[in-house]
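Novice: The structure that follows is given in the form of structure tokens.
The values are calculated or read from the model by the stated rules, or taken from the named source; none is laboratory data. Just so it is clear, the structure is predicted and the values come from calculations on it, not from any experiment. Cβ atoms come from the backbone with ideal geometry, glycine included; neighbour counts cover every protein chain shown. All accessible areas refer to the heavy atoms of the entire protein, side chains included, with ligands and DNA or RNA removed. Shrake-Rupley method; radii C 1.70, N 1.55, O 1.52, S 1.80 Å.
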Amino acid sequence: MREKIEKIITEVLEKIGLDTSSVNIVVEIPKDSSNGDYSSNIAMRLASVLKKKPLDIANEIVANIDSEGFSQVEVVAPGFINFYLSPTYLLKNVQRIVKDPAGYFKFDLNKGQKLVVEYTDANPFKVLHIGHLYSNAVGEAFSRLQEVLGGTVKRANYQGDVGLHVAKTLWGLEKKLSAEGKSFADIEKLSLLERVKYLGDAYVEGAEVYDYSDDKEAKKEMDEINYYIFYMITPVLEKRDFKRFEEVGMKEKYSKGRLWCLDFFETIYERLGTKFDYYFFESEVGEVGLKLVLDNVGKVFKEDGGAIIYEGDEKKNLHTRVFVNKYGLPTYEAKELGLAVKKKEVVGYDHSVIITANEQSGYFKVVMDALGKLDSESAKGTQHFSHGMVKLPNAQKMSSRRGGVISAEWLLDEVKVKVIEKMKEVDNVSSEETEKIAEKIAVGAIRYAFLKVAVGNDIVFDFEKATSFEGDSGPYIQYTYSRALALVSEFGNDSVGNLCIGRCLENPFVLNLIRSVSKYKEVLLDSALAYSPSILCQYLFDLSQIFNSFYQNVRLSEMSEDERIPIILIIKALTNVLQDGLYKLGIEVVERM
């Protein structure tokens, strides 16, 4: 409809003799529905060009508009043109939403294009924390919204299974086992969760020593372990004396520890409803990145004190970064280059989206600048989105380095407990059913709390607000869906009947509801094109408020069946919109709450 209105305005302007080739016609959905379903300020934009008053221009445009599809087209000072859709058009929209929601909520703008979205990026031997949970929420929403545009979307997860963090964990593991008088076989007997937790504690122990102590011997040892692990995977490095590492079975501990972490991560991804198409690992791309850097020393990179660097550029606001360290090992930066090459080779994408925390923005600028000189096509096709940090009220920024990390599993479980407590207050359901429903609501509460804030801003996660069944929250929208579904179940039937367009839409609450439902497709497109889940969140919240106002003020039980038929049709459309919109955010609907 927005395109149709833009075309109508263009044709009218040409009819009155204006060259529209350089005119940018903007049609928007007003925040206040009393200002119409659509609005344009084109008259005010043309005032200086036509040397006329905006009000006069607006009136001239409206006088030449065919009102088909509109119940009213009005001019409002100082020159806005507001368009109100006709009841017939609105009901036809609703019928399409009910009949074929999958087809109706789809576009073909990116048909034939392949997009790869990389997100979550949890590292084995470290905790999968709520920062990863946030990245997962953003990445999954991006993926589902991009699928709306008609292209093929592939989900990728890049995980750091080599590097200094692994060395810190393996060093800490040896110290813990020795101090506790345990063997690695003892750890293998533990549950998967306990094994992963043990490795997490070992990481904290190693990180404390490496990052915050003066123990040079211990740091040297961890550097050697780092070299050994990378050598096992990339034997192009110079061989050293690894006897002491082989004697303690470090290769086996690394391999099993890596597998434990990856298996545990899958349990979290399953809870979140995320399925990745590709898993990339630093161990796979490190050698590719190393070779790429070494082959371009003197061209793109330069040697500096035994290391290989990419020199910064103050004009581009880029700082100098090390790509191969003094030990001959590729850094994160070099591995990122290897990942770009590997991703292109394996996926064969047209466009690549990468999602990380905003503290990596500076790092990514440098990597992308270097990639542009090595493979300009890949660099142009790559888009980096940085998200903010997640904090709890009155809590400091999380860090996995000092043990103060908040795990994704902990947050999921804590929110679930709070949801169960609230459910017991409002409903009497079996414990088994409560458990299943609470899991969906908990995931929805977390995802919505993350996504309603514009990507890039920090998140303060408030347990009470996030789990509230009232207000701007995921559970509130899920509850709205279940409430609407109950009405359809109670009053709905398959009869077409008399749609009584005039009478049913005379009710302002019904009219407001159908107008809001009809806006979904436009909002969905805006959200997808702008990579902005928060746009969709705001719409779903507003729609839920409008429905609940309708629910409080319209009594279906007091109407005849013919009067109810079009209203139930609108409510069916509403349930389809809420279900689809929540799905795009990675949230499941709940039929009974």
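Novice: Of all residues being touching a residue at least 60 places away in the same chain (Cβ under 8 Å) and more than 29 Å from the chain's Cα centre (by Cα) in the range 258-298, which is surrounded by the fewest Cβ atoms within 10 Å (Cβ to Cβ)? Just the residue, please.
Specialist: By that ranking, first place goes to Asn296.
Novice: Also, quick follow-up: When the residues of the range 350-394 are narrowed to those that are part of a helix (DSSP H, G or I) and of a type in the set (A, V, I, L, M), which ends up nearest to Val116 (Cα to Cα)? Explain how you work it out, then say what you get.
Specialist: Restricting attention to the range 350-394, the residues satisfying the condition of being part of a helix (DSSP H, G or I) are 358-374, 376-380.
Still in the list and also of a type in the set (A, V, I, L, M): 366-368, 370-371, 374, 379.
Details: Val366: 21, Val367: 18, Met368: 17, Ala370: 21, Leu371: 18, Leu374: 20, Ala379: 14 Å.
Per the criteria, the residue is Ala379.
Novice: What's the number of the only condition in (1) assigned to a loop (DSSP other than H, G, I, E, B); (2) within 24 Å of Val162 (Cβ to Cβ) that Lys299 fails to meet?
Specialist: Every listed condition holds for Lys299 apart from (2).
Novice: Regarding Asn93, is this residue among the polar types (S, T, N, Q) and open to solvent by 30 Å² or more (accessible area, probe 1.4 Å)?
Specialist: Numbers: among the polar types (S, T, N, Q): yes; open to solvent by 30 Å² or more (accessible area, probe 1.4 Å): no.
It is false that Asn93 is among the polar types (S, T, N, Q) and open to solvent by 30 Å² or more (accessible area, probe 1.4 Å).
Novice: Filtering the range 455-464 down to residues that are over 14 Å from the mean Cα position of the chain (by Cα) and of a type in the set (A, V, I, L, M, F, W, C), which residue is most open to solvent (accessible area, probe 1.4 Å)?
Specialist: Checked the range 455-464; the qualifying residue most open to solvent (accessible area, probe 1.4 Å) is Val460.
Novice: Also, quick follow-up: Name the single residue that is nearest to His387 (Cα to Cα) among those in the range 110-127 being open to solvent by less than 10 Å² (accessible area, probe 1.4 Å) and not aromatic (Phe, Trp, Tyr).
Specialist: Narrowing the range 110-127 to residues open to solvent by less than 10 Å² (accessible area, probe 1.4 Å): 116-120, 122, 124-125.
This time we only want the ones that are not aromatic (Phe, Trp, Tyr), so: 116-118, 120, 122, 124.
Details: Val116: 18, Val117: 14, Glu118: 13, Thr120: 12, Ala122: 15, Pro124: 22 Å.
Ranking the candidates gives Thr120 first.
Novice: Note down all Cβ pairs under 6 Å where the first residue falls in the range 152-174 and is over 9 Å from Phe125 (Cβ atoms) and at pLDDT 95 or above, the second is part of a loop (DSSP other than H, G, I, E, B) and not aliphatic (A, V, I, L, M), and they're at least six residues apart or on different chains.
Specialist: Partner pairs satisfying both residue conditions: Lys154/Asp277; Arg155/Phe276; Arg155/Asp277; Asn157/Thr120; Asn157/Phe276; Tyr158/Asp121; Gln159/Asn123.
Novice: Pull out all pairs, ordered by first then second residue, where Cβ-Cβ is under 9 Å, the residues are six or more apart or on different chains, the first lies in the range 116-128 and is within 16 Å of Lys168 (Cα to Cα) and modelled with pLDDT under 95, and the second is among the hydrophobic types (A, V, I, L, M, F, W, C) and in a loop (DSSP other than H, G, I, E, B).
Specialist: Listed pairs, sorted by first residue: Lys126/Val405; Val127/Val405; Val127/Ile406.
Novice: Could you list, ordered by first residue, the pairs with Cβ atoms under 9 Å in which the first is in the range 564-575 and farther than 14 Å from Ala486 by Cβ and the second is of a type in the set (Ser, Thr, Tyr) and not in a helix (DSSP H, G or I), at least 6 apart or interchain?
Specialist: Close Cβ pairs (under 9 Å, with a partner that is of a type in the set (Ser, Thr, Tyr) and not in a helix (DSSP H, G or I)) amount to Ile565/Ser495.
Novice: Does Lys197 qualify as being of a type outside the set (S, T, N, Q), free of Cβ contacts under 8 Å to residues at least 60 places away in the same chain, open to solvent by 50 Å² or more (accessible area, probe 1.4 Å) and under 20 Å from Ala122 (Cα atoms)? Before you say what the answer is, go through the steps one by one.
Specialist: Working: of a type outside the set (S, T, N, Q): yes; free of Cβ contacts under 8 Å to residues at least 60 places away in the same chain: yes; open to solvent by 50 Å² or more (accessible area, probe 1.4 Å): yes; under 20 Å from Ala122 (Cα atoms): yes.
Yes.
Novice: Of these, Glu470, Glu439, which one is within 27 Å of Thr267 (Cβ to Cβ) and acidic (Asp, Glu)? Reasoning before the result, please.
Specialist: Working: Glu470 fails: within 27 Å of Thr267 (Cβ to Cβ).
That would be Glu439, the only listed residue that is within 27 Å of Thr267 (Cβ to Cβ) and acidic (Asp, Glu).
Novice: In this structure, is His319 within 32 Å of the chain's Cα centre (by Cα), farther than 19 Å from Arg155 by Cβ and of a type outside the set (Phe, Trp, Tyr)?
Specialist: Details: within 32 Å of the chain's Cα centre (by Cα): yes; farther than 19 Å from Arg155 by Cβ: yes; of a type outside the set (Phe, Trp, Tyr): yes.
Yes: the conditions hold for His319.
Novice: Quick test for you: out of Asn41, Asn35, Asn64, Asn59, pick the one residue that is in contact with a Phe, Trp or Tyr (Cβ under 8 Å, 6 or more places away or on another chain), under 21 Å from Ile16 (Cβ atoms) and not β-branched (Val, Ile, Thr). Quick ask: steps written out before the conclusion?
Specialist: Values: Asn35 fails: under 21 Å from Ile16 (Cβ atoms); Asn64 fails: in contact with a Phe, Trp or Tyr (Cβ under 8 Å, 6 or more places away or on another chain); Asn59 fails: in contact with a Phe, Trp or Tyr (Cβ under 8 Å, 6 or more places away or on another chain).
After applying the criteria, what remains is Asn41.
Novice: Applying the selection to the range 202-237, what residues are open to solvent by less than 40 Å² (accessible area, probe 1.4 Å), aromatic (Phe, Trp, Tyr) and out of contact with any strand residue (DSSP E or B) (no Cβ under 9 Å at 6 or more places or on another chain)?
Specialist: Of everything in the range 202-237, those that are open to solvent by less than 40 Å² (accessible area, probe 1.4 Å), aromatic (Phe, Trp, Tyr) and out of contact with any strand residue (DSSP E or B) (no Cβ under 9 Å at 6 or more places or on another chain) turn out to be Tyr203, Tyr227, Tyr228.
Novice: Taking helices (runs of 4 or more DSSP H) that do not extend beyond the range 497-587, which have at least 1 residues that are at pLDDT below 95 and within 18 Å of Lys31 (Cβ to Cβ)? Show your work before the answer.
Specialist: On the way: elements: 501-504, 508-518, 520-529, 533-553, 561-584.
It comes to 508-518, 520-529.
Here's the yes/no breakdown for (1) aromatic (Phe, Trp, Tyr); (2) open to solvent by less than 50 Å² (accessible area, probe 1.4 Å); (3) modelled with pLDDT under 95:
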| residue | (1), (2), (3) |
| --- | --- |
| Met423 | no, yes, yes |
| Val453 | no, yes, no |
| Ala466 | no, yes, no |
| Phe491 | yes, yes, yes |
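Novice: While we're on this one: Within the range 238-257, work out how many residues are open to solvent by 20 Å² or more (accessible area, probe 1.4 Å), within 21 Å of Pro330 (Cα to Cα) and more than 39 Å from the chain's Cα centre (by Cα).
Specialist: 4
Novice: Any residue in the range 1-28 that's within 17 Å of Lys521 (Cα to Cα) and modelled with pLDDT under 90: show its pairings with residues that are surrounded by 17 or more Cβ atoms within 10 Å (Cβ to Cβ) and among the β-branched types (Val, Ile, Thr) at Cβ separation under 8 Å, as long as the two are six or more apart or on different chains.
Specialist: Filtered contacts from the range 1-28: Arg2/Val27; Arg2/Ile29.
Novice: Another question, then. Restricted to the range 19-57, and to residues that are assigned to a loop (DSSP other than H, G, I, E, B) and open to solvent by less than 30 Å² (accessible area, probe 1.4 Å), which residue is nearest to Ile5 (Cα to Cα)?
Specialist: The first filter runs over the range 19-57 and keeps only residues assigned to a loop (DSSP other than H, G, I, E, B), leaving 19-26, 29-32, 36-37, 41, 51-53.
Filter again for open to solvent by less than 30 Å² (accessible area, probe 1.4 Å), leaving 20, 25, 30, 36-37.
Numbers: Thr20: 15, Ile25: 10, Pro30: 14, Gly36: 13, Asp37: 11 Å.
Taking the candidates together, the pick is Ile25.
Novice: Could you check, for the range 471-479, whether at least one of its residues is open to solvent by 40 Å² or more (accessible area, probe 1.4 Å) and touching a residue at least 24 places away in the same chain (Cβ under 8 Å)?
Specialist: From the range 471-479, those open to solvent by 40 Å² or more (accessible area, probe 1.4 Å) are 472, 479; that's our starting set.
Then drop every residue that is not touching a residue at least 24 places away in the same chain (Cβ under 8 Å), which leaves 472, 479.
There is at least one residue in the range 471-479 that is open to solvent by 40 Å² or more (accessible area, probe 1.4 Å) and touching a residue at least 24 places away in the same chain (Cβ under 8 Å).
Novice: Please find, within the range 58-85, the residue that is nearest to the chain's Cα centre (by Cα) out of those that are open to solvent by less than 20 Å² (accessible area, probe 1.4 Å) and without any contact (Cβ under 8 Å) to a residue 40 or more places away in the chain.
Specialist: Phe70
Novice: Return the only residue of Phe142, Phe107 being of a type in the set (Phe, Trp, Tyr), assigned to a helix (DSSP H, G or I) and either over 26 Å from Glu246 (Cα atoms) or open to solvent by less than 10 Å² (accessible area, probe 1.4 Å) (or both). Show your work before the answer.
Specialist: Working: Phe107 fails: assigned to a helix (DSSP H, G or I).
Result: Phe142 is the single residue among Phe142, Phe107 that is of a type in the set (Phe, Trp, Tyr), assigned to a helix (DSSP H, G or I) and either over 26 Å from Glu246 (Cα atoms) or open to solvent by less than 10 Å² (accessible area, probe 1.4 Å) (or both).
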